[in-house]
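> Next up is a structure, given as structure tokens.
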Amino acid sequence: MKNDKKGIFEVVKHDGPGRMGKIDLIDKKILTPSLIHAHFHHINYNSEKIVILNVLPDSLEEKFYTNVFITNTANPFIYPNLNQNLEDQLTLQPNFLTVPCGSFVELEWKTTQSFFDILLKNASFFKEMVGKNHLAVPVFYSKYSDLCEKQIDTLSQIGFDMYILKNLGEIMGNPRQLVEFIVKVRERIQPDSLVYAPGLIHPAYYSHLIYSGVDIFDTTLMIQEARRDSLLLEGGSKKIGELVELPCNCQICEAYSISGMVKMPSKQRFYKLLQHNILFATSVLKRIRLDIREGFLRERVELSSHYSPTLAAYLRILDKNHFNFLEEYTQIAKKGIVYCIGPESYHRPEIERFRKRISERYTPISGIRTVVILPCSAKKPYSLSQSHKRFREVIRHFGKGLIQEVIISSPLGLIPRELEQVYPAAHYDIPVTGDWDQEEIEIASASISKYFEKLDKETVLIAHLDGGYREACLKASNLSGKEVIFTEISGNVAGEKSLSNLKRALEEYADLSGAREVSKIDSLRKVVDYQFGIGAGEKLIPNNADIKRDRMGNVKILLDRKLVALFNQTYGLFKLTLRGAESLANFGYWIEFDGATISGTNLFAPGVKDADPQIRPEDFVMIYNCSKELIAMGISNMSGLEMKRSKKGIAVKLTEKKMD
């Protein structure tokens, strides 16, 4: 249920759970992910806008410079009198008030329970008293999972503008606990609440934590490293005296030499090192914001995983244990290439989603009695490659459309020819060596065996494969109990000798008796099933549908000369019209608008009364008014659950509206 208080944070763009957003303050708008830092008059912040979160004044003695944020529990603004605490916070004129909590040292279960009881009491009091002020609340990691989950659930039910992840220092070296804590918080809180991770966090961790849903960091580490005479570097830090040259082209590294900085008075050197460290962290965040804009955040995370085994383990655990969390926020399709460089890419959500949908939403075309299994190609779609043109020439010699073609690829698994244009099947790139590791074989064989199990017992399976492709198919044959006839490969799979062997196998084993020719409608229906669910294809494209192609090469589906859907070759998916959407009313992807008609070209989140939870960003969705009438079509900008729970932001970009 959405409350009436206007939100302070608007999600502008997702890339998985990672998001770029705007914090809407009275005097400025701040882009996230961003950095909170204290005001030091000696530091040139290079005009980067910041959030003020109860930061202590500049007059604080230098020895406390690593403890300048009031969100740190060991601070002088914790009082037993909550009214006095609130009054003292207001005198600092922060952008966010913070629920006081006291110092937390976890010992036994009862002590932790008592601490959380006090925190929840304070949280309820502040929520009631702050009025229109924006409020942040600490959320503590605890080894007692029952208490930790209860704390998160209760705080999320009360509702806050910002959640501050506490005690992260105790689990930064334990990727499993770190992943579980952050995901628990993000899954339970409002989707347009800010998540702040304070403390000693190196920028090498930023991409992973942002991908998990963190929005804000602070300069605690930058201050500490400057006090230690250290500069931040990619993946670590170095003492100034251990360097041969300064590491970057920031204004500090450009203006000073190592010897000059070593000879500086300690206080002056501290400020110079601190400025470098802040500029370094800010540049990392700016680059990540660019990655989110470009849809490149996942690649950045995979790249950063090589900084340490902890980060590599973090991503593996996130992928393995939290596919549903990642997939909910991951676009159905996006611009650019999906780079699958190695094991870090095998389980990325768009790849895992593709395999899952092939398993759940694809059924083999009826009437086909012979299937040829082929290797993938570097060129996409596969049918445009020279190797597949040669394969298809041989196969079509035995009857065009009478033999089913499927392709094997790592890490996608099995791709039916009808779905070779569907994102990401025509949009990925992998290093091609011919050698597959054991995990690639396991993934592909599982996908292939699920397909085999859907075929009739009499279906003939002919595999024209070598290397890892052959190993995966052989394992799938053993798993499913389906016999596979393997052709003999002589050198290149697309070479003359190998193609002659494929032709010989087809002559000897292909069963074309009773097989019917697969039509264009059959293939397009499979795409609709993939996009909306099994059976949707026959509803959207009945036998009397007309199929036309426009000047751009896009395929149009017409009924009674009226457009019902347009096949976009860029992503291999359908864009529906209102007429087409009417036939898919029972297949989901609906949004209930809290009104009668929509003005403008966007549907904003506050206008969403309810939404289908299976909606993902970039899905084509159907919008109904409060009278259950279909009034618009559009492309979702959020997942269904997110648009239902958010107070700000564009939920759907409209593509068509019903005329009054």
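Readers should treat all values here as calculations from the given coordinates under stated rules, not as data from a laboratory. Being a predicted model, the structure only gives us computed values, none of them experimental. Note: ideal-geometry Cβ built from the backbone for every residue, glycine included; neighbour counts use all protein chains shown.
> At 222 nm, what value in deg cm²/dmol follows for the chain if DSSP H runs of at least 4 each add -39500 (n - 2.57) and the sum is divided by all its residues, to the nearest 500?
Helix contribution divided over all residues of the chain: -11000 deg cm²/dmol.
> For K609, give me every one of the aspartates and glutamates with a C-alpha distance below 15 angstrom, ignoring sequence neighbours fewer than eight places off in its own chain.
Partners found: D4, E592, D594, E629, E642.
> Right, next: For region 408-458, just say rounded, prolate or oblate: build the C-alpha gyration tensor, square-root its eigenvalues into a ≥ b ≥ c, call rounded for a/c under 1.5, and beyond that prolate if a/b exceeds b/c, oblate if not.
Note, shape of region 408-458 comes out oblate.
> Can you put S409, S207 in order of Cβ neighbours within 10 angstrom, beginning with the fewest?
Ascending Cβ contact count within 10 Å gives the list S409, S207.
> Scan around A565 for amide H atoms under 5 Å from its own, H built in the peptide plane at 1.01 Å from N, and keep only partners 5 or more places away or cross-chain.
Under 5 Å from the amide H of A565 lie the amide H atoms of I557, T577, each far enough along the sequence or on another chain.
> For the chain, take the longest principal axis of its alpha carbons; what is the angle in degrees between that and the long axis of helix 109-129, to the nearest 10 within 0 to 90?
80 degrees
> Label K457 and E393 with points 7 Å out from Cα along Cα→Cβ: what is the distance between them in nm?
4.0 nm
> Between 0 and 90 degrees, rounded to the nearest ten: what's the tilt of helix 266-294 against the longest Cα principal axis of the chain?
30 degrees
> Could you give the distance between the Cα centres of region 172-232 and region 372-431, to the whole Å?
So the two Cα centres are separated by 43 Å.
> Still on this structure, please answer the following. Compute the length gained on full extension between I118 and T91: take 0.36 nm times their separation in residues and subtract their Cα-Cα distance, giving the result in nm to one decimal.
7.3 nm
> Filter the cross-link list K132/K184; K13/K335; K335/K653 down to pairs whose alpha-carbon distance in this structure exceeds 23 Å.
Table pairs above 23 Å Cα-Cα are K132/K184.
> Applying 1/(1 + (r/R0)^6) with R0 = 56 Å to the Cβ-Cβ distance of E360 and K497, what FRET efficiency is obtained, to the nearest 0.05?
For R0 = 56 Å, the calculated efficiency reads 0.90.
> As a test, work out the antiparallel percent of DSSP beta bridges whose residues both lie in the chain, rounded to the nearest 5.
Antiparallel bridges make up about 60 percent of those DSSP assigns within the chain.
> If R0 is 41 Å, what FRET efficiency do you get for K28 and D550 from their C-beta distance, rounded to 0.05?
0.35
> Rounded if a/c is under 1.5, else prolate if a/b is larger than b/c, else oblate: which is the chain, with a ≥ b ≥ c the root eigenvalues of its Cα gyration tensor?
Verdict is prolate for the chain.
> Of the trypsin sites (Lys or Arg not before Pro) in region 315-422, which ones lie in a loop per DSSP and count no more than 11 other C-beta atoms within 10 Å?
Those satisfying the criteria are K335, K400.
> Under the definition of Cα pairs under 8 Å and six or more residues apart, what whole-number percent is the relative contact order of the chain?
Taking the mean separation of contacting Cα pairs over the length of the chain, I get 11 percent.
> Grab the Cα-Cα distance for T597 and V105, subtract it from 0.36 nm times how many residues apart they are, and report the gain in nm with one decimal.
Computed gain between T597 and V105 is 171.6 nm.
> Less than 12 Å apart at the alpha-carbon level, and either on another chain or at least 8 residues along: which aspartates and glutamates does that give for K400?
List returned: E517.
> Among 509-515, 563-569, how do they line up by average Cβ neighbours within 10 Å per residue, starting with the highest?
Order by mean packing, descending: 563-569, 509-515.
> Let me ask you something else. I want to check the label-to-label distance for E245 and L303. Put each point 7 Å from Cα in the C-beta direction and report it in nm to one decimal.
2.2 nm
> Under 12 Å Cα-Cα from K28, which aspartates and glutamates qualify once same-chain neighbours fewer than 8 residues away are excluded?
Hits, sequence-local ones excluded: E48.
> Just to confirm the number: angle between the C-alpha axis of helix 145-158 and the first principal axis of the chain, 0 to 90 degrees, nearest 10?
The helix 145-158 is inclined about 80 degrees to the chain.
> What percent do you get for the relative contact order of region 338-509 when only Cα pairs under 8 Å and 6+ apart count?
With pairs under 8 Å counted, the relative contact order is 26 percent.
> What is the order of S257, S523, S498, fewest Cβ neighbours within 10 Å to most?
Least crowded to most crowded, the residues run S257, S523, S498.
> Which residues in region 569-602 place their backbone N less than 19 Å from a point set 7 Å from the Cα of M659 along the Cα-to-Cβ direction?
In region 569-602, the label zone of M659 (backbone N under 19 Å from the point 7 Å along Cα→Cβ) covers 577-582, 597-601.
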